[in-house]
Amino acid sequence: MSSAKEAQTIRALLALEYIPPTLRETLLRDPRIADHYGIQIDSVLGIGGLEFEAPVSAIAENVRRSLGGSPGTIIRDADGKEWSIEFDADSDQPTLVVAQGERRLGMDAWVTLSSDRETRLRCLEALAADAGLPPKACSSWRRILEERSLRGEEVPDFLVDLHATAHVQEQLLADSVRSPELSAQLAAPPSRTYFERLVGTRCDSASIELHAVAGSRERLAELAAWKPYEGFLQSLYMASHPDLSAQIRVDGLSSEELVRAFESILRTGDRVSQLGAIEVGLRVSYDRPEVKPALNRLLELIRADDTAGKASGFRNYSLLYVLVSSELSRRQQLADEPPFYRRLAALAQAGVIQRQMVAAGIALKESAIGSGVGEYVLQALVDLRLEPRRYPVLGTAERLQAHFFGRIARAADQYENEVAPDLIRAFQHVMGPEQLREAGNEFVLYAPGPLEEPEESRTLPAAFDQAIQAQLDTRKAATPADFAALRTSTTSFRIGQAQADLAADALEGSDYRLTEVRDRTHLLGTLTSLASVAAIARSERLADTLRVVVRTAQRDPELPIALIDAMQVLLIAAASRAEVGAWAAFVGECLTELAFGELAGDEGQILHGYARRLCELTPELWATCGAADAALMAFNGSLVSDQAAQDKAPDT
């Protein structure tokens, strides 16, 4: 290598040290960059977990010898131990293993290094069919393997692509869920491709309803064509929205396969797949009555779930949803996608994990989430600007169960004419007394879920509008009870500027205070609901009014609200501004006011941590939170200095 070329390589390597790891890895995997800068890369690859590790170049060299007919090919692993590579080309599926005594680890993907075109293609077809590799991905690899064998450094990419399917992740999870902690890579695989295959590529769909008839429909068709039985079970991971459940077909399943699938979901299914099975079963039960027995038992299972118990399926599904969501947020994975798509991906992945946990007879411990709850809440509060109805509490076990009950009731109404009377009675049993199906209790039928739904745009009924006006048209001091009708209506109906103005008038007329408050929980619940009204109605006036109310509540000598609770209320109210610049300005003003307010104990450090993370999630905040950041740095620094001075002070 010439001195100029060597200097170029050194400069490139030094520059790579200052590039984020993910970007660095992407650049180094591009052979054009490696060749141009003379960078030689030889990563270490593990097979069978950590049982066998060796450089990729050594694996490739010895595999080629074995594929070429060299008997007893020996390779040393990273620890210097000897293993033999054994190839069987005579079976229907070419097999390749690395063996040591009785230990045999499969490495069939390396057969793609074979010089024999037919052997390579047979290997691809077998591995693609087993993994559920989508047709487009399979075609891309086939075009390469028809022309040549893979290069050694290409095999890890091939393996990554094979692993980016729900079917392979299920197998990996089945071997891992019994460990005390679920690894971050299994909780949320760091692969965009994986999530696109799990819930369908979004394309240009601006809503979940549009995605249901575009990217998800295409993916569902691929799953049905792959293997009807396994494809149906995987399709149910997408059932977190009724429009997606409506796209799931059972045409390719025999009666025996359909019953077996429903029984499988009943025994070891995740909650979202069980809901999807109920909705699909209702739709097809007239033509496929064999699903009715399993449907009845599924309904009873959902009805009997006690969300307060540690064994609750809803509770465990909720914990997994928070875990996956927080991991996606922490990595900013799918950050360029709209919030509904990220939530859809998280809900589906939570189902993938829960199904394997149910099969293993274990449940996730709350301690496994760690700081994930805070990350989940912050990301959800940021996302409110784009989808103001989707506040974090909708992911709790109780809210999920209420949402499931509502969807079941609506599905029962929709397919009532096609379902036998005994099944209708079963649905009524699930929902409780008949009065739950009356119009006056439609809050149960339309309990919101983590994804946007068309019902949310329903016009506010006149009776509810009149109740809101009657409660808020008062000259007396405002109480939480005055906002009861407004708070209840926000979950199911379209709330507009008129209702938000009534709330603002009541607060302003009450000197920005609430009276007859039972305790802090009562106060915080009322303020949070009013902030949601401001967000949903896009009412900047109500949001500005709430800033004053929160400021007053913080200084209340009897029931002051905590700093972090105040921040959460203000972040919800910030969604009254849909445009990111206006939103960032409001958030910056609120955080600055909190930073310059009274801080006790470790509140300064906590607020600073949240403020920094909010800026990382939405970079536009760096420009509006500078004063808050500086103030908190100074405040926290002074606390450290004071503590150091106290430590040095002599004992008296």
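The values are calculated or read from the model by the stated rules, or taken from the named source; none is laboratory data. These numbers come from a predicted model, not from an experiment. Note: ideal-geometry Cβ built from the backbone for every residue, glycine included; neighbour counts use all protein chains shown. Heads up: the accessible areas ignore ligands, DNA and RNA and are worked out on the full protein's heavy atoms, side chains in. Shrake-Rupley method; radii C 1.70, N 1.55, O 1.52, S 1.80 Å.
Looking at the stretch 50-60, can you tell me whether even one residue there is among the charged types (D, E, K, R) and at pLDDT 75 or above? Even if it seems obvious, please write down each step before you answer.
As a first pass, look at the stretch 50-60 and keep what is among the charged types (D, E, K, R): 51, 53.
So of that shortlist, the ones also at pLDDT 75 or above come out as 51, 53.
Yes.
Out of 634, 623, 611, report the one residue that is modelled with pLDDT of 95 or more and exposed (fewer than 15 other Cβ atoms within 10 Å of the Cβ).
Values: 634 fails: modelled with pLDDT of 95 or more; 611 fails: exposed (fewer than 15 other Cβ atoms within 10 Å of the Cβ).
Being modelled with pLDDT of 95 or more and exposed (fewer than 15 other Cβ atoms within 10 Å of the Cβ) holds for just one of 634, 623, 611, which is 623.
Only residues that are of a type in the set (Gly, Ala, Ser) and touching a Pro at 6+ places or on another chain (Cβ under 7 Å): list them for the stretch 389-403, please.
395 - this is the single residue of the stretch 389-403 that is of a type in the set (Gly, Ala, Ser) and touching a Pro at 6+ places or on another chain (Cβ under 7 Å).
Against the definition (open to solvent by 40 Å² or more (accessible area, probe 1.4 Å), under 19 Å from residue 191 (Cα atoms) and not in a loop (DSSP other than H, G, I, E, B)), how does residue 330 come out, yes or no?
Numbers: open to solvent by 40 Å² or more (accessible area, probe 1.4 Å): yes; under 19 Å from residue 191 (Cα atoms): yes; not in a loop (DSSP other than H, G, I, E, B): yes.
It is true that residue 330 is open to solvent by 40 Å² or more (accessible area, probe 1.4 Å), under 19 Å from residue 191 (Cα atoms) and not in a loop (DSSP other than H, G, I, E, B).
Identify, by number, the condition in (1) modelled with pLDDT of 85 or more; (2) open to solvent by 10 Å² or more (accessible area, probe 1.4 Å); (3) under 24 Å from residue 301 (Cβ atoms) that residue 394 doesn't meet.
(2)
Taking the stretch 349-387 as the search range and keeping residues that are polar (S, T, N, Q) and over 27 Å from residue 231 (Cβ atoms), which one is surrounded by the most Cβ atoms within 10 Å (Cβ to Cβ)?
Taking the stretch 349-387 as the starting set, the residues that turn out to be polar (S, T, N, Q) are 349, 354, 356, 367, 371, 379.
Applying the additional criterion that residues be over 27 Å from residue 231 (Cβ atoms) yields 367, 371, 379.
Values: 367: 8, 371: 10, 379: 24.
That would be 379.
Within the stretch 285-308, count every residue that is in a helix (DSSP H, G or I) and open to solvent by less than 20 Å² (accessible area, probe 1.4 Å).
Count: 6.
Here's the yes/no breakdown for (1) of a type in the set (A, V, I, L, M); (2) under 23 Å from residue 198 (Cβ atoms); (3) assigned to a loop (DSSP other than H, G, I, E, B):
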| site | (1), (2), (3) |
| --- | --- |
| 363 | yes, yes, yes |
| 400 | yes, yes, no |
| 406 | no, no, no |
| 410 | no, no, no |
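Looking only at helices (runs of 4 or more DSSP H) that lie completely in the stretch 557-631, which have at least 2 residues being closer than 24 Å to residue 542 by Cβ, free of Cβ contacts under 8 Å to residues at least 40 places away in the same chain and more than 24 Å from the chain's Cα centre (by Cα)?
By residue number, 563-574, 580-595.
Looking at the stretch 69-95 only, could you name the residues that are under 12 Å from residue 123 (Cα atoms), in contact with a strand residue (DSSP E or B) (Cβ under 9 Å, 6 or more places away or on another chain) and either assigned to a loop (DSSP other than H, G, I, E, B) or acidic (Asp, Glu) (or both)?
88, 89, 94
Between 526, 545, which is open to solvent by less than 30 Å² (accessible area, probe 1.4 Å), more than 25 Å from residue 449 (Cβ to Cβ) and in a helix (DSSP H, G or I)?
Just one listed residue meets the conditions, 545.
Scan the stretch 561-579 for residues that are over 30 Å from residue 519 (Cβ atoms) and open to solvent by 40 Å² or more (accessible area, probe 1.4 Å) and jot them down.
Quick first cut of the stretch 561-579, residues over 30 Å from residue 519 (Cβ atoms) only: 577-579.
Within the stretch 561-579, 578, 579 meet the criteria.
Working carefully through the options 270, 305, 287, find the one that is without any contact (Cβ under 8 Å) to a residue 24 or more places away in the chain and out of contact with any Cys (no Cβ under 9 Å at 6 or more places or on another chain). Walk me through how you get there before you give the answer.
On the way: 270 fails: without any contact (Cβ under 8 Å) to a residue 24 or more places away in the chain; 305 fails: without any contact (Cβ under 8 Å) to a residue 24 or more places away in the chain.
Unique residue meeting the criteria: 287.
In this structure, is residue 473 farther than 17 Å from residue 552 by Cα and in contact with a Lys or Arg (Cβ under 9 Å, 6 or more places away or on another chain)? If you could, list the steps in order and put the result at the bottom.
Working: farther than 17 Å from residue 552 by Cα: yes; in contact with a Lys or Arg (Cβ under 9 Å, 6 or more places away or on another chain): no.
No; evaluated as a whole, the condition is false for this residue.
Would the stretch 165-174 turn up any residue that is in contact (Cβ under 8 Å) with a residue 40 or more places away in the chain, open to solvent by 30 Å² or more (accessible area, probe 1.4 Å) and not in a helix (DSSP H, G or I)?
No, the stretch 165-174 has no match at all.
Could you tell me how many of the residues in the stretch 365-390 are outside any helix (DSSP H, G or I) and within 30 Å of residue 582 (Cα to Cα)?
Step one: of the stretch 365-390, the residues outside any helix (DSSP H, G or I) are 365, 369-371, 384-390.
Add one more test, that the residue is within 30 Å of residue 582 (Cα to Cα), and what stays is 371, 384-390.
Of the residues in that region, 8 qualify.
Out of all the residues in the stretch 472-493, which are more than 18 Å from residue 511 (Cβ to Cβ), open to solvent by 60 Å² or more (accessible area, probe 1.4 Å) and either among the β-branched types (Val, Ile, Thr) or more than 36 Å from the chain's Cα centre (by Cα) (or both)?
Selection gives 488 alone.
This table checks each residue for (1) in a helix (DSSP H, G or I); (2) in contact with a strand residue (DSSP E or B) (Cβ under 7 Å, 6 or more places away or on another chain); (3) closer than 14 Å to residue 545 by Cα.
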| site | (1), (2), (3) |
| --- | --- |
| 481 | yes, no, no |
| 488 | yes, no, no |
| 502 | yes, no, yes |
| 512 | no, no, yes |
| 517 | no, no, no |
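Select, from 143, 122, the only residue that is open to solvent by 40 Å² or more (accessible area, probe 1.4 Å), under 20 Å from residue 159 (Cα atoms), assigned to a helix (DSSP H, G or I) and at pLDDT below 95.
122
Name the one entry in 88, 92, 161 that is open to solvent by 70 Å² or more (accessible area, probe 1.4 Å) and acidic (Asp, Glu).
Working: 88 fails: open to solvent by 70 Å² or more (accessible area, probe 1.4 Å); 161 fails: open to solvent by 70 Å² or more (accessible area, probe 1.4 Å).
92 is the lone residue from the list that is open to solvent by 70 Å² or more (accessible area, probe 1.4 Å) and acidic (Asp, Glu).
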